[in-house]
Amino acid sequence: MLVEAMLVLTGRIGLGVAVWIILAVESLLLVAAVIRIVAAVRRFNNGRAEGADRWRAAEDGLGEMIPRKAVKAILIEPRMLACIGAWIRSFGKPRPDNVESFRYGAQLRTFVGVLVVVVLVEGALIDLILAAVIPGSAWIWVVLGLHVYGAMWLMGLLASMYTRPHLLTDTGLVVRDSVFNELSVPYDAILGVAQVDHPNSGRSGLKLSPADRTAVMAYGIANVEISLRESVSIKDLGHVPVRRLRISVDDPAGLVRAIDERSRLYPFVIHSSCD
């Protein structure tokens, strides 16, 4: 619009022509937006039809409109709030018989739980002090809002680690990293599984090492290593060829044993080791 305005002011084009140009450009942008929205809705519906949960389907759908990394960032906080609600509803509610769950990040869960208590207590004390020192000030509400936001974020992270454990389903292994990452590994992609002890240096979460074709999704020490068939691609690992997936789990021997037991139901061999 700025260009058209300059052309009108300099007498290069008439006002009527400028209006038609603006209408044409806006119409093209509207059509492009509608096309992307339709593609996003179709992708969402297809994902749900294929069995993806609503968040995964929403991530795939929004990925048709904006970059995938931006989608992940946008959905983090809504997913954390949803995890808090799911955590409250899950008390006393058993999982389906065909699904086995394995938690991870025991030490981190304890640490985050302590942080939640600290933030709540500290927030209450600071707000009481501010109310006594500067009564009626807007800063009281600002500080209160920041403490509530921080507490909700930490509670969401804690809830996500309880409500989003690793899963063994009828179709494969689902490896999770709170609300940040999720990998679905079909059973026919698994060549072997073993209990190991690999230090996880640097940040936690999903890390890819193209040099040795290894993916790591661990909090602290990675204590289970899953060898993958080269011919099978794992969704969300991009185009990086991965032969090993290292994860952390609170009960590594239990996960290795469960995968070994499930392998008997499928027409291929999984080699396991609890050494």
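The values are calculated or read from the model by the stated rules, or taken from the named source; none is laboratory data. A quick note: this is a predicted structure, and the numbers were derived from the prediction, not measured. Cβ atoms come from the backbone with ideal geometry, glycine included; neighbour counts cover every protein chain shown.
A few remarks follow.
- Scanning segment 245-275 for residues that are in a loop (DSSP other than H, G, I, E, B), of a type in the set (A, V, I, L, M) and surrounded by 13 or more Cβ atoms within 10 Å (Cβ to Cβ), we see that the one that is modelled with the lowest pLDDT is 270.
- Of the residues 61, 47, the single one that is modelled with pLDDT of 75 or more and in a helix (DSSP H, G or I) is 61.
- If you go through segment 156-202 and keep only what is outside any strand (DSSP E or B) and under 14 Å from residue 250 (Cα atoms), you end up with 161, 162, 164, 165.
- Number of positions in segment 65-108 that are at pLDDT 85 or above, under 17 Å from the mean Cα position of the chain (by Cα) and not in a helix (DSSP H, G or I): 3
- The set of residues in segment 122-152 being over 24 Å from residue 81 (Cα atoms), of a type in the set (A, V, I, L, M) and assigned to a helix (DSSP H, G or I) consists of 125, 126, 128, 129, 130, 131, 132, 133, 138, 140.
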